[in-house]
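This report concerns only the one structure given below.
The values are calculated or read from the model by the stated rules, or taken from the named source; none is laboratory data. Quantities reported herein were computed from a predicted structural model and do not represent experimental measurements. Glycine also receives a Cβ, built like all others from the backbone with ideal geometry; neighbour counts cover every protein chain displayed. Just so you know, the surface numbers come from the protein's heavy atoms only, side chains and all, with ligands and any DNA or RNA stripped out. Shrake-Rupley method; radii C 1.70, N 1.55, O 1.52, S 1.80 Å.
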Amino acid sequence: MDAGNEHPDDEWPLPPSWMWSCGECIELYRAMKPAPEVVEAALEEFGPGVDCDPSDSVVTTQIRLARHIAVEHEEFLPDADEACEKCMSDVRQHLPELLVLEHRARHLFAPPRIVGLL
């Protein structure tokens, strides 16, 4: 568990080994992983009255990695997680398949608390 995290749902999983053999996965992961800390540091410096993430980098970097995995590595995606409310939701039947695959991809690299948000 990362320092400062107090709950397992906040823990960043170790990405699967196959991701490290894909240059684009590596590049997208390296852009995504530090984004929350960078934004948090800016918020501490400038305070809550300043939009410290105007391009929503925390979310968009995760979406870019999830989309890449869903499109380029679909064969490695985990099945729907029966413990995940989003995976089991009836709403997913009405979503474009790519969004469903992106959500499943997020289970590979994002903490459960974050996966459940998108």
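Summary of values
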quantity: Residue match in the range 64-76 (condition: at pLDDT below 90 and not in a helix (DSSP H, G or I)); calculated: no
quantity: Count of residues meeting criterion [touching a residue at least 60 places away in the same chain (Cβ under 8 Å) and of a type outside the set (Phe, Trp, Tyr)] in the range 50-92; calculated: 0
quantity: Any hit, the range 98-114, residues being touching an Asp or Glu at 6+ places or on another chain (Cβ under 7 Å), surrounded by fewer than 15 Cβ atoms within 10 Å (Cβ to Cβ), in contact (Cβ under 8 Å) with a residue 12 or more places away in the chain and part of a helix (DSSP H, G or I); calculated: yes
quantity: Sole exception among (1) open to solvent by less than 40 Å² (accessible area, probe 1.4 Å); (2) part of a helix (DSSP H, G or I) for residue 80, by number; calculated: (2)
quantity: Those residues of the range 19-37 which are modelled with pLDDT of 85 or more, in contact with a helix residue (DSSP H, G or I) (Cβ under 8 Å, 6 or more places away or on another chain), surrounded by 13 or more Cβ atoms within 10 Å (Cβ to Cβ) and not small (Gly, Ala, Ser), in sequence order; calculated: 19, 22, 24, 25, 26, 28, 29, 32
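Yes/no matrix, rows are residues, columns are (1) part of a loop (DSSP other than H, G, I, E, B); (2) surrounded by 11 or more Cβ atoms within 10 Å (Cβ to Cβ); (3) aliphatic (A, V, I, L, M); (4) modelled with pLDDT under 95:
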position	(1), (2), (3), (4)
5	yes, yes, no, yes
9	no, yes, no, yes
13	yes, yes, no, yes
40	no, yes, no, yes
49	yes, no, no, yes
